[in-house]
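Only the coordinates and a few stated rules stand behind these numbers; no lab work does. All of these numbers come straight from a predicted model, not from anything done at the bench. FYI the Cβ positions are ideal-geometry reconstructions off the backbone, even for glycines, and counts take in every protein chain you see.
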Amino acid sequence: MTTEQTSFVYVTYIRSTPEKVFEALIRPEIARHYWGHENVSDWQPGSTWQHVRADEQRTVQVVGKVVESSPPTRLVISWASPSKADDPASYSRVSFDITAYDEMVRLTVTHDELQAGSPMARGIQQGWPIVLSSLKSLLETGRGIDVFAKPKSALQAA
């Protein structure tokens, strides 16, 4: 029995350099400012990485391996919930492709090998847009956005 898979592709343009965008992805002290998490690894292919909540509890939210690391243009990682890390079928893949574009960077994030309809697939469809918007804000203005803020419903805003 095969499971239907889905993917998520997000493209954004950032007034920055490929080097700064790549560093923002891999340096914990930068990631905490736009993601509220730290991405922790030595970033060598085959190494493990962890996505750690940047709070007092330091909860590991995501685990995986570095599949490819080609600074400053490409990073590919596997991605799984820590509770499912022992199941190879639970892993998805995230590719960050960073391309210079005029005086900007085109960042393409592809999250694929996702089980269609899974909680992970639903979560990343909501999560990536705000995280990448926050990354763009941080690199362009020096200030990220609160990725944990909940949008107000139309009734609350009225």
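Table for the structure above
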{"read-out": "Residue with peak Gaussian network fluctuation, the chain [Cα springs, cutoff 10 Å], from ARG58, ARG106, ARG27", "value": "ARG58"}
{"read-out": "Segment 1-64: relative contact order as a whole-number percent, Cα under 8 Å and 6+ apart", "value": "17 percent"}
{"read-out": "Quotient of C-alpha Rg and 2.2 N^0.38 Å, computed over the chain", "value": "1.05"}
{"read-out": "Of the DSSP H helices in the chain, those whose Cα atoms cover at least 15 Å axially and whose Kyte score averages -1.0 or more", "value": "119-141"}
{"read-out": "Where N is the number of residues in segment 1-88, Cα Rg divided by 2.2 N^0.38 Å", "value": "1.18"}
{"read-out": "MRE, 222 nm, helices only [DSSP H, n ≥ 4, -39500 (n - 2.57), over the chain, to nearest 500]", "value": "-8500 deg cm²/dmol"}
{"read-out": "Mean Cα-pair separation over length for segment 25-117, i.e. relative contact order, pairs under 8 Å, 6 or more apart, %", "value": "15 percent"}
{"read-out": "GluC sites (Glu not before Pro) restricted to DSSP loop in segment 69-155 with at most 11 other C-beta within 10 Å", "value": "GLU103"}
